[in-house]
Amino acid sequence: MAEVIMGFFDKLVKGLTKTRDNMSTSVNQVFTSYDKIDDEFYEDLEETMIMSDMGIRTTDEIITNLKKKVKEQHIRSAAECKQLLMDTIKEQMRVNESDFAFEDQKSVLLMIGINGVGKTTTVGKLANLYRKQGKKVLIAAADTFRAGAIEQLVVWAKRANVPIITGPEGGDPGAVVYDAIQSAKARDTDMLIIDTAGRLHNKKNLMKEMSKIFKILAREYGFAHIETLLVL
Ligand SMILES: Nc1nc2c(ncn2[C@@H]2O[C@H](COP(=O)(O)OP(=O)(O)O)[C@@H](O)[C@H]2O)c(=O)[nH]1
Ligand SMILES: [Mg+2]
């Protein structure tokens, strides 16, 4: 049983390498440290989940749902509560069918996230996936900031057999997006995938650049659905 549970937590945070070990070990520790379910147990669990980067709001929702279930099902031992927690987290993570509706209409995928998280790689993989599904895909290399970023994306575009719009290194990403939109219209593109430079929210000029990209998209390509993908 312990193995199954560990396996579940491992799967849950797969990819979040930093979180994975921390989360599965520490959450399991909470369950083994308490016999009874009391306020202290919930507090400890909540704290552990927040410390594992589950996010305060998500943790709060999960704990609230968990408490409700524990009450309804008259659960008393912490061990029994563990399965309930897993079920609750699973429910919380369920993705709605409508969340992927953008795949069936003219869409823009805007890849954002900090440096080195895998934005460019994801652009390449998604481009390949959608092209294989028979969609007309176009890539825009709007990361003009990092040296080598454009060439890296050109390689991915070639591999995926998808056209790409680039601009000069150090150039205006807004201009690349503008060109890409014109090209997408001319080609009747289904999926325009925009790679952007990694940025932190506290870098003012890079955030300004992002709002400019949004403005251009709204003005020039207003009929397309814009899906922002935050790569973590
Ligand atoms: N292990 C692993 N490495 C990845 C993954 N995605 C990207 N990488 C690697 O992480 C590094 C940064 O990826 P990149 O796509 O350039 O990140 P970006 O800066 O966000 O565009 C590269 O060396 C990639 O090969 C992934 O899913 N798993
Ligand atoms: Mg990149």
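In region 118-232, counting only helices (runs of 4 or more DSSP H) that sit wholly within it, the ones holding 3 or more residues that are crowded, with 16+ Cβ neighbours inside 10 Å and more than 19 Å from the chain's Cα centre (by Cα) span 149-160, 173-187, 204-220.
Residues that are more than 14 Å from ligand 1 (Cβ to nearest atom) and basic (Lys, Arg) within region 113-135 comprise Arg131, Lys132, Lys135, listed in sequence order.
Does Glu220 satisfy the condition of being farther than 24 Å from Phe100 by Cα and out of contact with any strand residue (DSSP E or B) (no Cβ under 6 Å at 6 or more places or on another chain)? Lay out the reasoning, then the answer.
Values: farther than 24 Å from Phe100 by Cα: no; out of contact with any strand residue (DSSP E or B) (no Cβ under 6 Å at 6 or more places or on another chain): yes.
The answer is no for Glu220.
If you check Val177, Val95, Val117 for being of a type in the set (Val, Ile, Thr) and free of Cβ contacts under 8 Å to residues at least 24 places away in the same chain, only one passes: Val95.
Taken over region 50-89, the criterion of being within 17 Å of the chain's Cα centre (by Cα) and either on the phi > 0 side of the Ramachandran plot or outside the structural domain of Thr32 (by TED's automatic domain parsing) (or both) is satisfied by Asp53, Gly55.
The helices (runs of 4 or more DSSP H) found wholly in region 11-95 and carrying at least 3 residues that are closer than 22 Å to Leu232 by Cβ, modelled with pLDDT of 80 or more and β-branched (Val, Ile, Thr) occupy 56-72.
Of the residues making up region 95-110, none is away from ligand 1 (no atom under 16 Å from the Cβ), open to solvent by less than 10 Å² (accessible area, probe 1.4 Å) and over 20 Å from Val177 (Cα atoms). Within region 54-75, residues that are under 16 Å from Asp44 (Cα atoms) have Cβ atoms under 7 Å from residues that are among the aromatic types (Phe, Trp, Tyr) in these pairs: Ile63/Tyr42; Lys67/Tyr42, counting only partners at least 6 apart in sequence or on another chain.
The values are calculated or read from the model by the stated rules, or taken from the named source; none is laboratory data. In this text the structure is predicted, and so the values were computed from the model without any measurement. Methodologically, a virtual Cβ is constructed for each residue, glycine included, from the backbone with ideal geometry; neighbour enumeration extends over all protein chains shown. In case anyone asks, the SASA skips ligands and DNA or RNA and just uses the protein heavy atoms, side chains included. Shrake-Rupley method; radii C 1.70, N 1.55, O 1.52, S 1.80 Å.
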